[in-house]
Amino acid sequence: MKKTYVIAEIGINHQGDINIAKRLIDIAAASGCDAVKFQKRNPDICVPEEQKSKPRSWQGEDMTYLEYKYKVEFGKEEYDEIDKYCKQQGISWSASPWDIDSLNFLSQYDIPFLKLPSAMLTNDELLEGCISTGKKIIFSTGMSTQEEINHAVEILSISKTKYNNPHKIGLLHCNSTYPAPIGELNLSGIKTLIKMYPNFEIGYSGHEFRLGTSVAAIYLGASIIERHITLDRTMEGSDHMASIEPQGLFKLVSGIRELEEAFGDGIIQVTESEKIVRKKLRG
C-alpha cells in the first residue's frame with residue numbers, strides 16, 4: 001500500500017499566537033504527519049460587509065467581527081517564522097488561500113501544495129489562480145453537489161492544461177459540519193470519487209470526533225488524510241471542537257501507519273512467521 005500523505009490542519013487554531021502555532025507544528029512533526037496547513041485570508045475581502053461591524057467578543061475583549069478576523073490572521077512576519085521553523089522541524093507546511101490576495105501572498109513561499117477549502121469550490125477565479133502557480137492543488141468537496149464538484153474538476157482540468165501544470169490534483173471527500181455527524185460522513189463517497197475521477201488523487205478531510213473513520217477512509221482508497229488539530233478542544237474559537245488533540249493525533253497517525261503495514265497484497269500464502277508454527281503443528 002502506498003504511504004498515506006497526512007496533513008495536520010492548524011487552520012486558525014493558533015489563536016493568532018505564533019508560539020501556539022509552533023507547539024502545534026512540534027506535535028504534528030513528532031506524530032509523523034507529513035505537513036501542517038494554515039488558512040490565509042484578507043479579511044477586508046473575505047468578510048461580508050454586513051458582518052464586518054457586528055460585535056464579537058474574543059479572549060475577554062469586545063471588538064467588531066472584522067477586528068477579530070485580523071486578530072487571528074498571520075502576516076508575513078509570522079509566515080516567515082513558520083517557514084523557517086517547519087524546515088527546522090523537518091515537516092512541510094502549506095495554507096488555504098481564501099482570496100486572490102492571499103494566493104499571491106502564499107506564492108512567494110516554496111510550499112509543496114495549495115489547498116482549496118470546500119467553501120471556495122465554486123470560486124472559479126481562485127481555482128484557476130491556484131493552478132496557474134504551477135503548484136500541486138488539493139481541494140475539498142464538503143457541502144457541495146455532484147454538479148458543483150464536476151464543474152470544479154472541469155475548471156481545474158482545463159486550467160491544468162492551459163498552464164501546463166504537471167502535478168496531479170488531489171480531491172478530498174468531506175463533510176463540512178463542525179463537528180460532522182458520523183451518520184452523515186458517507187465514506188463510501190471516496191469510492192465514488194475514485195471511480196469518477198481516476199486521474200485525480202483521492203483523499204479524505206474529516207471533521208468528526210472519531211479517529212477510526214479516518215483510518216477506514218484509507219481502506220476505502222484515500223491516499224491523503226487531513227484532520228484539524230488543536231492543543232485543547234475547549235479553547236475559544238469555532239474550529240477547536242472538530243479538531244484532534246495531541247494524544248488523538250498520535251493515535252491517528254499510528255493507526256494509519258499500522259494499516260499500511262498490515263494491508264498486504266491480498267495473495268493467500270503461508271507467511272515466514274507461520275512456517276515455523278506450521279512445521280511444529282503439522283509436522
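The values are calculated or read from the model by the stated rules, or taken from the named source; none is laboratory data. Just so we're clear, the structure is a prediction, and the values are computed from it rather than from any experiment. Note: ideal-geometry Cβ built from the backbone for every residue, glycine included; neighbour counts use all protein chains shown.
Values as computed for the structure displayed
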quantity: Those residues of the stretch 148-162 which are among the hydroxyl-bearing types (Ser, Thr, Tyr) and either within 16 Å of residue 119 (Cα to Cα) or surrounded by 13 or more Cβ atoms within 10 Å (Cβ to Cβ) (or both), in sequence order; calculated: 157, 159
quantity: Residue count for the stretch 23-55, restricted to those that are buried (at least 16 other Cβ atoms within 10 Å of the Cβ), farther than 18 Å from residue 119 by Cβ and not small (Gly, Ala, Ser); calculated: 6
quantity: Subset of the stretch 81-112 (residues that are of a type in the set (Val, Ile, Thr), crowded, with 17+ Cβ neighbours inside 10 Å and more than 14 Å from residue 22 (Cβ to Cβ)); calculated: 111
quantity: Filter result (of a type in the set (D, E, K, R) and surrounded by fewer than 18 Cβ atoms within 10 Å (Cβ to Cβ)) within the stretch 1-22; calculated: 2, 3, 17, 22
quantity: All positions within the stretch 125-139 that are surrounded by fewer than 15 Cβ atoms within 10 Å (Cβ to Cβ) and among the acidic types (Asp, Glu); calculated: 125
quantity: Close pairs from the stretch 207-229: first under 17 Å from residue 191 (Cα atoms) and touching a residue at least 24 places away in the same chain (Cβ under 8 Å), partner part of a helix (DSSP H, G or I) and among the small types (Gly, Ala, Ser), Cβ under 6 Å, at least 6 apart; calculated: 215/255; 225/214
quantity: Which listed residue is under 18 Å from the mean Cα position of the chain (by Cα) and crowded, with 17+ Cβ neighbours inside 10 Å, from 212, 248, 255, 221; calculated: 248
quantity: So residue 27, is it in contact (Cβ under 8 Å) with a residue 24 or more places away in the chain, of a type outside the set (Lys, Arg) and not in a strand (DSSP E or B); calculated: yes
quantity: Output for the stretch 63-82, where each listed residue is of a type in the set (Asp, Glu) and either without any contact (Cβ under 8 Å) to a residue 12 or more places away in the chain or touching a Cys at 6+ places or on another chain (Cβ under 6 Å) (or both); calculated: 67, 77, 80
quantity: Cβ pairs under 6 Å, 6+ apart, first in the stretch 103-128 and over 18 Å from residue 150 (Cβ atoms), second in a helix (DSSP H, G or I) and among the hydrophobic types (A, V, I, L, M, F, W, C); calculated: 114/130
quantity: Verdict on residue 107 being at pLDDT 95 or above, within 19 Å of the chain's Cα centre (by Cα) and closer than 22 Å to residue 234 by Cβ; calculated: no
quantity: Count - residues of the stretch 31-51 that are in contact (Cβ under 8 Å) with a residue 12 or more places away in the chain and more than 27 Å from residue 107 (Cα to Cα); calculated: 2
quantity: Complete set of residues in the stretch 30-57 that are assigned to a helix (DSSP H, G or I) and of a type outside the set (Val, Ile, Thr); calculated: 30, 31, 43, 44, 46, 49, 50, 51, 52
